[in-house]
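So the structure is just underneath, and the comments pick up after that.
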Amino acid sequence: MLGAIEAGGTKFVCAVGDEKGKITDRIQIPTTTPEETLPKVIDFFKKYPVEAIGIGSFGPIDVNRESPTYGHITSTPKPGWKDYPFVQTIQDAFDVPMGFHTDVNAAALGEATFGAAKGLDSCLYITVGTGIGAGALVQGQLLQGHSHPEMGHILVRRHPRDPYHGRCPYHDDCLEGLAAGPAIEERWGEKGIRLAEREEVWELEGYYIAQALMQYILILSPKRIILGGGVMNQKQVFPSIYQYLEQFLRDYVSLPELSEYIVSPGLGNDAGITGALLLARQAWSESRKVY
Ligand code: ADP
Ligand code: ZN
């Protein structure tokens, strides 16, 4: 039996299941402080004979296995979580192999294995929610370098008629600062869900997301792009993205039909937790390797 944790800024999802991605039990725990949240996580897994645990976590996180702070959450503003040894705390409770990646990298793996990019060795998973983040599978591997990618914070061109200052605490008007859920809410004075009828909202959203996708496409050339997160429930953003992307790229690169290339998650809200289960499977297999 495998264990999976999807650690988010507002909630933790914990699940147990098998290597085929089948989940047999799960719980949700609110994300408060590590001292309050993690004992509940540990209690959940204590009920099961888990042989490995995979974690997809909010970040930034230290994913470099050579680093003395491997497994830590690093520079989050969330109280109590900054520099917190997340993997170590779980590892102290369960002496089993563990996998650790960003939530979005886990979701990319889930989607490439069982979801909208099933069978592909390359895809990009982007979430547009409270923040913007992206994970990538490249040649069958989750993309990771010195650290993990932070594609939500790229710089984009401001729309000439968008006076909004942006709200990223680090960069003001990076992509996340201009296009994540809280930016939409602050710019237009209402929650995104209540702006469904306002065409100009979603056209502008498409304008920024299309710029980001253009850059990801030019740099990574993914085989499929999956757009998840709360904001992407506004399906009217998709046509705006397709239209702007065509306008920006101007046929320079050949792409599949955009409505099949840039899609919603096949696993819905379960992309991340399913990916975390697959990270557990990977960690378990690696621990069995004979060198
Ligand atoms: P999180 O990023 O915290 O995991 P979500 O992906 O649900 O959670 O993102 C929350 C953000 O998305 C909020 O800013 C919220 O206003 C916005 N949001 C959630 N659902 C919708 C919706 N149906 N339409 C537009 N915006 C939404
Ligand atoms: Zn930023």
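Which one is nearest to the chain's Cα centre (by Cα) among residues in the stretch 156-185 that are part of a helix (DSSP H, G or I) and more than 15 Å from ligand 2 (Cβ to nearest atom)?
The qualifying residue nearest to the chain's Cα centre (by Cα) is Ile184.
Out of the residues in the stretch 248-269 meeting the condition of being at positive phi and part of a loop (DSSP other than H, G, I, E, B), tell me which one is modelled with the highest pLDDT.
Among them, the one singled out is Arg250.
Can you pull out every residue in the stretch 186-215 that is within 16 Å of ligand 2 (Cβ to nearest atom) and either closer than 30 Å to Pro256 by Cα or among the aliphatic types (A, V, I, L, M) (or both)?
Those that are within 16 Å of ligand 2 (Cβ to nearest atom) and either closer than 30 Å to Pro256 by Cα or among the aliphatic types (A, V, I, L, M) (or both): Tyr208, Ile209, Gln211, Ala212, Gln215.
Pairs needed: first member in the stretch 180-198, in contact (Cβ under 8 Å) with a residue 12 or more places away in the chain; second member anywhere, within 16 Å of ligand 2 (Cβ to nearest atom) and among the basic types (Lys, Arg); C-beta distance under 7 Å; at least 6 residues apart or different chains.
The qualifying pairs are Pro182/Arg167; Ala183/Arg167; Glu186/Arg167.
Kindly list the number of the only condition in (1) exposed (fewer than 14 other Cβ atoms within 10 Å of the Cβ); (2) free of Cβ contacts under 8 Å to residues at least 40 places away in the same chain; (3) more than 18 Å from the chain's Cα centre (by Cα) that fails for Glu35.
(2)
Please specify each residue of the stretch 217-239 satisfying the condition of being assigned to a helix (DSSP H, G or I) and closer than 20 Å to Met151 by Cβ.
Passing the criteria: Ile217, Leu218, Ile219, Leu220, Gly230, Val231, Met232, Val237, Phe238.
The values are calculated or read from the model by the stated rules, or taken from the named source; none is laboratory data. It should be emphasised that the depicted structure is a prediction, and the values quoted were computed from it without experimental measurement. A quick note on method: Cβ atoms are made from the backbone with ideal geometry, for glycine too, and the neighbour counts reach across all protein chains shown.
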